[in-house]
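*Asks:* Take a look at the following structure, please.
Rule-based calculations on the coordinates, nothing more; no lab input. This is a predicted model, so every value here is computed, not measured. Backbone-built Cβ (ideal geometry, glycine too); neighbour counts: all protein chains shown.
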Amino acid sequence: MLYFTRWKALAVILTAVVVCLFAVPNFFPKEMVERWPKWAQRHVVLGLDLQGGSHILLEVDAAAVRREKLEALRDDVRRVLRDARIGYTGLAVRGNSVEVRIREGANSQQASQKLQELSQPLGGILGASGQRTVDIATDGDLVRLTMTDPAIIERVRQAVEQSIQIIERRVNELGTVEPLIQRQGVDRVLVQVPGLQDPSRLKELLGKTAKLDFRLVDQTTTPEQVQAQGNRPPPESEILFAPQKQGRQPYLIEKRVMVSGGELTDAQPGFDQRSSEPIVSFRFNTAGARKFAQTTQENVGKPFAIVLDNEVISAPVIREPILGGSGQISGSFTVEGANDLAILLRAGALPAPLTIIEERTVGPGLGQDSIEKGKLSSYVGAAMVIVFMFATYGLFGLFANIAVAINVAMIFGVLSLLNATLTLPGIAGIVLTVGIAVDSNVLIYERIREEVRAGRTPINAIDAGFSRALATILDSNITTFIAAAVLFYIGTGPVRGFAVTLGIGILTTVFTAFTLTRLIVAYWVRWRRPQRVPI
Amino acid sequence: MKLLRIVPDDTKFDFMRFRRISFPISALLSIIAISLYFFHGLNFGIDFRGGTLMEVQSKAGDADLAKMRATLGGLGLGEVQLQQFGTPRDVLIRLAEQPGGDAAQQAAVQKVRTALGQDVEYRRVEVVGPRVSGELLSYGVVGLMLAIFAILIYLWFRFEWQFALGAMIANVHDIVLTIGFMSITQVDFDLTSIAALLTILGYSLNDTVVIYDRIREMLRRYKKMSMPDLLNASVNQTLSRSVITHLTVSLALLALLLFGGHAIHSFTATMMFGVVLVGTYTSVFIAAPILIYLGVGTGRDALSAAPERDAKP
């Protein structure tokens, strides 16, 4: 156990040195490290609990996705039947299906055949599952079209993908450093933004769908009249309100969308030239510009509503046709409100509303405090352990302390290599590792003491001590490693940080016990040829 | 240099005889811990119960708890708990889960922020919605089970099944007592507590495995020694290591407990209890003697030691 070939010794030392070197970038200022080669830049990332920031878990509203999909299906059914000149009644969404009755005299066989074209194979033409997006069933003159579950799930998946892209654009506009945006499970998105003082604005930006429509105001009757007569607006219109801060004034708005926000190419905050009120100016793409020009041409003198997330931001009267494809929205904005709206419009609308289902925010003050406390407790813990080991084992205690110091440096090296996140519980994991790392040395040294008592010569005792203790060290550390692995799997955030440092700590501990400590003791034995073991 | 010897070289404590006291005590303590869990309960944190936790620090002078309580009590957010946390300037605000789903939780936070305004610094805000809290709880419980199961399988491969079972009984006992401790102290039971429990499980097993390793070695070497004697010898031989290791771990934990700040205070306190107090006791007084009852080495006795057994009264 005590004999190392030159190459083996070199390999051990080289491994330890290289792993330790990976920790180096953590000790230099960021600006300096950025000029180093890419492979040398890997460093430990401070967790949100240490540097401050927000962790926000969002969920895509799957019910809304389903509802929207069903409404689209209903509109498709209407279009198909009209195009085929088939009479129908009672077209409506019921539960998970769209139902329609084919009028007497019309051929319901032909109708269901026509409707069949709305059902596509899932996963495109190559989809081998044989499943389709819509199941069609006829019951006399009643035709029922049901969205299949895989079709809905696929749609939710797409909605999450799109949402991630849009969220990325919105968060990047905040100008924060290294935001993390990640899909979680089927219908969730995790957003982590470090170093944010107040997450209100972020949440505001994430919580808005930002669905912008340009629609006409229905002037056949007034909203007040509709409300007075039992709230039954004309079938092609609906009542929408102005935002809370503008007094929730009701408007009667046509359901038909003249131009949608999807046709915007740009939106910028600015100020109105006459009233110097904050506004958002926008520009349409070619198709949008054409539609906008046509609509404004045909409706000069009529009011026109700008609807954002089902709220009427403003409803100006069209004074003259707008042909240039650009315009402006004014809606008693604050400067920041105009700025945010421009960000939202540029980033695009979310395919479905997002709900915040978990939020964890740590202010920078607490983060800094935690770093200080983590440092202090690590130093104190390490100092106490070092003194204790030296008092108990003397020179060998010193060897153990050297091994533990290298061990900790290696933990930082591996953490850097993995770009792992260091959290406050993670620091606790390292401090605990210091306690545990010395355990491997204690096992070895106690075994050596025993072997000496059993009457072996010093060199024999040391040799036997190592070989017997190492099996135990391996066995006992594997159990802790299993616990750390499970914790890594189930944990999130700070707890996962603890699992990471604990797990890495166990690996480096086993490595140092098996190689470094042995190497140090082996060289000492070869150098001193001890007559008695000094422990 | 004179070295520190905490445990003298050749101890001959009769740990096995002590099992007649330690087993009933452990059984009693376990029953107390389980009844505590059912009748006193755990103080579930927002991770598992849902709701909102805010840590605020008064910007000028000490926080006026009474005034804050009056302000927040009038918001109609149900039960609002306020607690001094660390320095007199720090206050922990807990809101129960608001009825009305995920959006309602966010609305509640906004209300508190508006009510307290700019007088305080928001150091930490955590909001866990109803669905997430349910998932976290089941993850935690499943994780704990999974860890116990995985370790059981590992020990079964490395040792005989009696060892695996013995270690399991010993360590479930640790977990049960620690849960009892959490119930008495009413520390927040959250994800960090699950982390503490898993770590306790890992380290307590670590300790047990070291002793078991020695027992296995002794079983191979001394074919004729009686089981209680063999177990006693094994525990005594590893005693010095057990004590020294637990001292170093305690030193590390003590540093965390004293200087690590209140964010990880309950975590380290639980760990101190579980790893240092319970874990050590269990490996020596439960994990080792239970092997007698699980029938380790009985086959060996029957093969070689029939006359010897007669010789010993």
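*Asks:* Report the residues of segment B:208-247 in range of a label on A:Leu398: point 7 Å along Cα→C-beta, backbone N strictly under 20 Å from it.
*Replies:* Inside the label zone: nothing.
*Asks:* While we're on this one: Round to the nearest 10 and give me the degree value, 0 to 90, for the angle of helix B:130-158's Cα axis relative to the longest principal axis of chain B.
*Replies:* The two axes meet at around 10 degrees.
*Asks:* Around B:Lys59, under 13 Å between beta carbons, what's the net of Lys plus Arg minus Asp minus Glu among the other residues?
*Replies:* With Lys, Arg at +1 and Asp, Glu at -1, the neighbours total -3.
*Asks:* A further question follows. Can you give me the C-alpha center-to-center distance between segment B:237-299 and segment B:174-200, rounded to a whole angstrom?
*Replies:* Using only Cα atoms, the two centres lie 15 Å from each other.
*Asks:* Please list, in order along segment A:255-266, the HN-Hα scalar couplings obtained from phi with the Karplus expression 6.51 cos²θ - 1.76 cosθ + 1.60 (θ = phi - 60°), rounded to whole Hz, x for Gly and Pro.
*Replies:* For segment A:255-266, the Karplus curve yields 6, 5, 8, 6, 9, 9, x, x, 8, 7, 9, 7 Hz.
*Asks:* Related question: Lys/Arg Cβ at +1, Asp/Glu Cβ at -1, dipole of chain A taken about the Cα centre: which of A:Met147, A:Ala420, A:Ala267 is farthest positive-ward?
*Replies:* Highest projection toward the positive end goes to A:Ala420.
*Asks:* Each residue of segment A:150-159 in turn: what ³J(HN,Hα) in whole Hz from Karplus with 6.51, -1.76, 1.60 and θ = phi - 60°, glycine and Pro shown as x?
*Replies:* x, 5, 5, 4, 4, 5, 5, 4, 4, 4
*Asks:* If you take each beta carbon of peptide A:497-504 and count the beta carbons of other chains within 10 angstrom, what is the mean?
*Replies:* 2
*Asks:* If you place +1 on the Cβ of every Lys and Arg, -1 on the Cβ of every Asp and Glu, and leave all else neutral, what size is the dipole of chain B about its Cα centre, to the nearest 20 Debye?
*Replies:* Using only the charged Cβ atoms, the result is roughly 860 debye.
*Asks:* With the dipole of chain B worked out from charges on the C-beta (+1 for Lys and Arg, -1 for Asp and Glu) around the Cα centre, which of B:Gly261, B:Ala60, B:Ile25 lies farthest toward the positive end?
*Replies:* Result: B:Ile25, furthest along the dipole toward the positive end.
*Asks:* Residues with amide H under 5 Å of A:Ala23's amide H, sequence separation 5 or more or different chain, H placed in the peptide plane at 1.01 Å from N; which?
*Replies:* For A:Ala23, the qualifying residues are A:Gly413.
*Asks:* A further question on this structure: With angles folded into 0 to 90 degrees, how steeply does helix B:19-35 sit against the dominant principal axis of chain B? Use alpha carbons for both and round to 10.
*Replies:* The two axes meet at around 20 degrees.
*Asks:* Follow-up question, since we're still on this one. I need the chymotrypsin sites (Phe, Trp or Tyr not before Pro) found in segment B:132-226, filtered to DSSP loop residues with at most 15 other beta carbons within 10 Å of theirs.
*Replies:* Here the chymotrypsin sites (Phe, Trp or Tyr not before Pro) that fit, given the DSSP loop and packing criteria, are B:Tyr222.
*Asks:* For chain A, what is the charge dipole size about the Cα centre, in debye to the nearest 20, if Lys and Arg each add +1 at the Cβ and Asp and Glu each add -1 at the Cβ?
*Replies:* 1860 debye
*Asks:* Once label points are set 7 Å from the Cα along Cα→Cβ at both B:Leu4 and A:Glu34, what is their separation, rounded to one decimal in nm?
*Replies:* My value for the distance between the label points is 4.8 nm.
*Asks:* Let me ask you something else. Just list whichever of A:Lys38/A:Lys373; A:Lys211/A:Lys245; A:Lys69/A:Lys114; A:Lys8/A:Lys30; A:Lys375/B:Lys67; B:Lys12/B:Lys224 have alpha carbons separated by over 26 Å in the model shown.
*Replies:* Checking Cα-Cα distances, A:Lys38/A:Lys373; A:Lys8/A:Lys30; A:Lys375/B:Lys67 exceed 26 Å.
*Asks:* Taking only Cα atoms, what is the 0 to 90° angle, nearest 10, from helix B:161-185's long axis to the longest principal axis of chain B?
*Replies:* In chain B, helix B:161-185 runs at an angle near 30 degrees to the longest axis.
*Asks:* Hey, can you grab everything whose amide H is under 5 Å from the amide H of A:Val312? Only 5+ residues off in sequence or another chain; H modelled, so Pro and N-termini drop out.
*Replies:* Close amide H contacts, sequence-distant or interchain: A:Phe241, A:Ala242.
*Asks:* What is the sum of charges around A:Ala352, taking Lys and Arg as +1, Asp and Glu as -1, for the other residues whose C-beta is under 14 Å from the C-beta of A:Ala352?
*Replies:* 0
*Asks:* If you put +1 on each Lys and Arg Cβ and -1 on each Asp and Glu Cβ, how big is the dipole of segment A:212-330 around its Cα centre, in Debye rounded to 20?
*Replies:* Here segment A:212-330 has a charge dipole of around 100 debye.
*Asks:* Take the Cβ-Cβ distance between A:Arg232 and A:Gln268 as r, set R0 to 56 Å, and report the resulting FRET efficiency rounded to the nearest 0.05.
*Replies:* Given R0 = 56 Å and the Cβ-Cβ separation, E is 0.85.
*Asks:* Search the structure for amide H atoms under 5 Å from the amide H of A:Ile357, placed 1.01 Å from N in the peptide plane, and list their residues when 5 or more places away or on another chain.
*Replies:* A:Leu57, A:Leu58, A:Glu59
*Asks:* Show me, for segment B:233-245, the HN-Hα J-couplings you get by feeding each phi into the Karplus relation (A = 6.51, B = -1.76, C = 1.60, θ = phi - 60°), rounded to Hz, glycine and proline as x.
*Replies:* The phi angles translate into 4, 4, 5, 5, 5, 8, 4, 4, 4, 4, 5, 5, 4 Hz.
*Asks:* To the nearest 0.05, what FRET efficiency results for B:Asp64 and B:Ala96 with a Förster distance of 22 Å applied to their C-beta separation?
*Replies:* Computed FRET efficiency for B:Asp64 and B:Ala96 comes out at 0.45.
*Asks:* Along the positive direction of the dipole of the protein assembly as shown (beta-carbon charges: Lys, Arg +1; Asp, Glu -1; about the Cα centre), which of B:Ala288, A:Ala461, A:Gly301 reaches farthest?
*Replies:* Towards the positive end, the residue furthest out is A:Ala461.
*Asks:* Between segment A:471-535 and segment B:13-52, how far is it from one alpha carbon centroid to the other, in angstrom?
*Replies:* Taking the Cα centre of each part, segment A:471-535 and segment B:13-52 sit 31 Å apart.
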